[in-house]
Structures are given as structure tokens and as C-alpha cells.
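One structure below.
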Amino acid sequence: MTNTSTGSTVLGINGLGRIGKMLIWYFAVNRSFDEIVVNTGREVGRSIEDVVHMLGADSTYGPAETFLFGVNGNRDIRVLDADAGVISFFGLRIKVLRTARDPREIDWRGEAVRLVVDATGRYLDPTLPPETAGGSIRGHLAAGARMVIASAPFKMRDKTAATPDDAAMVIYGINHTGFDPERHHLISAASCTTTGLAHMMKPLMEAEQTAQILTASLSTIHAATNTQSVLDSVPGSRAKDLRKSRSVFNNIILSSTGAAQALEQVLPEIARVGFMADSVRIPTTTVSLINLNLTFHSPLNDRAEPAVTREYINAVYRDAAEGPQKGLLCYSGDQNVSADLLGVPASVVIEGHDTHTRTGFIELSPAILRADGVQAERSLKVPVTHAKIFGWYDNEYGSYVTTLGKLVEYVSRTGAV
């Protein structure tokens, strides 16, 4: 929103975890807002100087000045008003609120904040009223915000409940043009994996030869997150997955992901296919890898060769990277390792070097090929191509926060907040 008294644009962020912090880094470079009001809900360390320290240093990306501005970047983070909690972060004004935890008690109205990013991962049920004990995402609206973007998929306590009419899941570059500022006040920016997966699927579903998807599955080889235990711990009450309490340092851990289910909300046409999906957590700090497996009905060309080949799929991605998904999807022919993708600002990077396809034939016998009681005279061979495609995504700054930042900017412009 534009603060009418100062003429400045203000963004609210609730939560200063990995996503909240990285969003501040993103906007320090892109300067889409003049001020950010961030709510921590509690005191951080012993003074506002400890917030400065936390914002400027990062174990994954290194010092903020180096990561954001290069090896010659100068550290420019200082306290402007300790009592008011005001910081200058490389010229970006940040005000830190350290009192309210319940969203409806945060003074967004007094701070002239109309657009809020909730990066806590706690308030994800859009069906709960503002006064819900423990807080609700709708509390931000009651506190003065006009629109709220959650940095995670919605999760309804009532699994049978439908998504409210004023809520929607939106991924920039996929379905963001469907955002309606008059209707949508609660927005889910999906997850990091759904974001990468959606950008992998979109060009395939729009290409003639790969649009006929028969089956789909994915495994995401996923970096560790703060939801995991550093060392083995006692599982919580009613815990269903005992592996989540095992040490993230020492294990490869099988887990689940809701990415495929969420994909149907941003690419509804995928519902006719259905997805199998799982996650494998590994002991790295960021950069994850989608292993996508698809089968297509693959018509033959004039030389009786399958139309869906490694070359065809890679060409689809190269065209998307230079066309409609430019700046969001990238194509790489290199032999990458995860560290090479650290901080790369793309929703997904296709590892074209390792795209593979294989075509087989399903033989349908005359007994199966029966129409109106008349049996066919001979069998029919149907070509089916299996494809394996890999996509890298920096699940913190590079992929997720960059795509989320673009969505925040779009909502701010379009929603006139």
C-alpha cells in the first residue's frame, strides 16, 4: 500500500524465519517497496542490534552484502531508531514489531500496511474466523490488511471443507493472471516443490506431442528444513511419521509431499492424470531436485519413429525458457551439482543433460478391440513413451522466494494495495 501521509509503499511480513528473512533480502535488491514492517511476535535476542546481526549473516548464503551485491558489496545495515525498532537494510527501511503473535493483534492498520506476507507457516486455514484461539490467517484482515499471501499451501482442519471464495492458490508464471483483486483476499503461494513442479509441467502440457500424459509421478530429493530434528528426538503426541524425529544430519529420510495434490489447484487440467509423489529428505541446507517421471501416448512420425524423444522434450524446455516462461524456467545443458544452483533466481532449472526417454508398445489383441460386437481382424500396437526429467530448484532464496517476490509485486500492482 501507499502510505498517504508519506507517499511511501509499505509491505508487511509476519515471521522472520527462512522465508521472511529471504524476502527482505529480495526486496533489498528489487526495491519494490519503500518500507517493510516485519512482525516477529516476540523480542529477538537482547536488543534490536541482534536483529541486525541475524539479517546480515546467513549460514547458507553467506554475508548479505556479498550474496546480494557481489564480492565488492559493502555492509550497510544499521539501527535508525532502537526504541521504535527501525533499521536500514542497505537503504531499505525496516520496522520490526515485537509484541503481538496473534495476527488480529498486529497493528497493520496503524502501520498503513494493506498487503501482508504471512511467512510463519502457522496460519494456513482460510476457513477459520479471525477470533480463532491461537490465531487465524483472517486475523490479518481484521487487523487492517486488505490482502494476505501465505508462503505455504492452505491446510484446512476440516478435510471436507472447500476453499472459500475469497481464497486462492496462485503461482507466479502459472496462474497469477487469474488473481482477482476484488474477490481474492487470501492467497496461498503454494510450496517450493509445487512451484518448481508447476513450471516443469506447464510447457509439456502446452506442447502438442507431450500434452497426452498417461501417468505421472515425482520424487523430490529435498534439502533439510527447520521442521526436522537436528538430533534424534522423542516423537510428538499422535505423531504418525516417526522418521521426522530422526536426525537430519545423519540420514536420508523418506517423507511425503503435497506438491502433486496442490498442482491440481494451479493447473486444473492435470487432475485427469493424477500424480504419485514422495519426498526424500537429505542433509543439505538448500537446493532440491525434482525427479519427474511421465508416460505419454507417443504417435509415430513418417519414419515410424516416436514423436516424443529426449531431443523433443529438451527443445520444449529451451523454447519455454526463451519464451513464455523466460526468467522463471531455465534450461541447462551442463552437468550440474546442487551447489551450482545455490541462489539461482529461477523457479526451476531443467537438467537437460539427463533427460531420458524410452518408447515401448502396448499390444491390444483382436479380442480386446471389439466394437459393436464385431471383433477386429488383427492386433494393434500403441506406442507409449516413458520420460525421466530432472529439475533443480533452490527451495529457499533462488526458486521459491524469487517466485514469491514476483507474486507479491504483481498483487501489489494489480490489487492497488
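Taking the Cβ of ARG157 as the centre, find all other residues whose Cβ is under 15 Å away and add up their charges (Lys, Arg: +1; Asp, Glu: -1).
So the environment of ARG157 carries a net charge of +3.
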Point to revise | Sorted by Cβ neighbour density within 10 Å, fewest at the top, the residues VAL234, VAL113 | key: VAL234, VAL113
Check your understanding: Sorting ASP158, ASP302 on the 10 Å Cβ count, fewest up front, what's the list?
Key -> ASP302, ASP158
Check your understanding: What does the highest-first list of 305-318, 202-215 look like by mean Cβ count within 10 Å?
Key -> 305-318, 202-215
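Give the order of SER237, SER347, SER279 when sorted by the count of other beta carbons within 10 angstrom, beginning with the fewest.
Details: SER237 5, SER347 30, SER279 19.
Result, fewest neighbours first: SER237, SER279, SER347.
Using helices alone, what [θ] at 222 nm do you get for the chain, with -39,500 (n - 2.57) per DSSP H run of 4 or more residues, divided over all residues and rounded to the nearest 500? It would help to have the intermediate numbers written out before the result.
On the way: 8 runs with 81 residues, N = 417.
Result for the chain, helices only: -5500 deg cm²/dmol.
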Review point. Using θ = phi - 60° and the Karplus form 6.51 cos²θ - 1.76 cosθ + 1.60, what ³J(HN,Hα) does each residue of the stretch 249-254 get, whole Hz, x for Gly and Pro?
Key: 5, 10, 9, 9, 10, 6
Check your understanding: Residue-wise, which Karplus ³J(HN,Hα) couplings in Hz belong to the stretch 152-159, taking 6.51 cos²θ - 1.76 cosθ + 1.60, θ = phi - 60°, and x for glycine or proline?
Key -> 6, x, 4, 9, 8, 4, 8, 5
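Grab the beta carbon distance between LYS388 and ARG42, set R0 = 41 Å, and tell me the FRET efficiency rounded to 0.05.
Efficiency, rounded to the nearest 0.05: 0.35.
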Study note, to complete from the structure: With LYS388 itself left out, Lys, Arg at +1 and Asp, Glu at -1 over residues whose Cβ is under 14 Å from its Cβ give 0
Review point. Under a point-charge model restricted to the Cβ atoms of Lys and Arg (+1) and Asp and Glu (-1), what is the dipole moment magnitude of the chain relative to its Cα centre, in debye to the nearest 20?
Key: 740
Exercise for review: In nm, give the distance between the simple-model label positions of ARG183 and ALA211, each being 7 Å from the Cα along the Cα-to-Cβ direction.
Suggested key: 2.5
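If you stretched the chain out fully between GLU322 and SER256, how much longer would it get, using 0.36 nm times the residue separation minus the C-alpha to C-alpha distance? Walk me through the numbers before you get to the answer.
Numbers: separation 66, 0.36 × 66 = 23.76 nm, distance 3.31 nm.
Gain on extension, GLU322 to SER256, equals 20.5 nm.
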Practice item. Note down the nm distance, to one decimal, between modelled labels 7 Å out along Cα→Cβ at ASP340 and at SER59. Key: 2.7
Check your understanding: Ranked highest first by the average count of other Cβ atoms within 10 Å around their residues, in what order do 190-197, 95-102 fall?
Key -> 190-197, 95-102
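Could you rank the peptides 123-133, 401-411 by their average count of other C-beta atoms within 10 Å per residue, with the highest value first?
Details: 123-133: 16.9, 401-411: 23.5.
For the peptides 123-133, 401-411, the packing ranking is 401-411, 123-133.
Please compute the length gained on full extension between LEU380 and ASP50, using 0.36 nm multiplied by the number of residues separating them and subtracting their Cα-Cα distance.
On the way: separation 330, 0.36 × 330 = 118.80 nm, distance 7.09 nm.
Working it through step by step, the gained length comes to 111.7 nm.
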Practice item. Read phi for every residue in the stretch 162-179 and hand back ³J(HN,Hα) as whole Hz from Karplus 6.51 cos²θ - 1.76 cosθ + 1.60, θ = phi - 60°, with x for Gly and Pro. Key: 8, 5, x, 4, 8, 10, 7, 9, 9, 10, 5, x, 10, 9, 5, 6, x, 5
Study note, to complete from the structure: Label model pair ARG75, ALA133: point-to-point distance (7 angstrom along the Cα→beta-carbon line) in nm is 4.6
Check your understanding: Applying 1/(1 + (r/R0)^6) with R0 = 45 Å to the Cβ-Cβ distance of ARG109 and PHE361, what FRET efficiency is obtained, to the nearest 0.05?
Key -> 0.10
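Report, in debye and to the nearest 20, how large the dipole of the stretch 193-396 comes out about its Cα centre when Lys and Arg carry +1 and Asp and Glu carry -1 on their Cβ. Display every interim value, and only then the final one.
Working: 17 positive and 21 negative charges, 140 e Å.
It works out to roughly 680 debye.
Laboratory data are not the source of any read-out in this text; all were calculated from the coordinates shown. Fair warning: this is a prediction, and the values are worked out from it, not measured in the lab. Methodologically, a virtual Cβ is constructed for each residue, glycine included, from the backbone with ideal geometry; neighbour enumeration extends over all protein chains shown.
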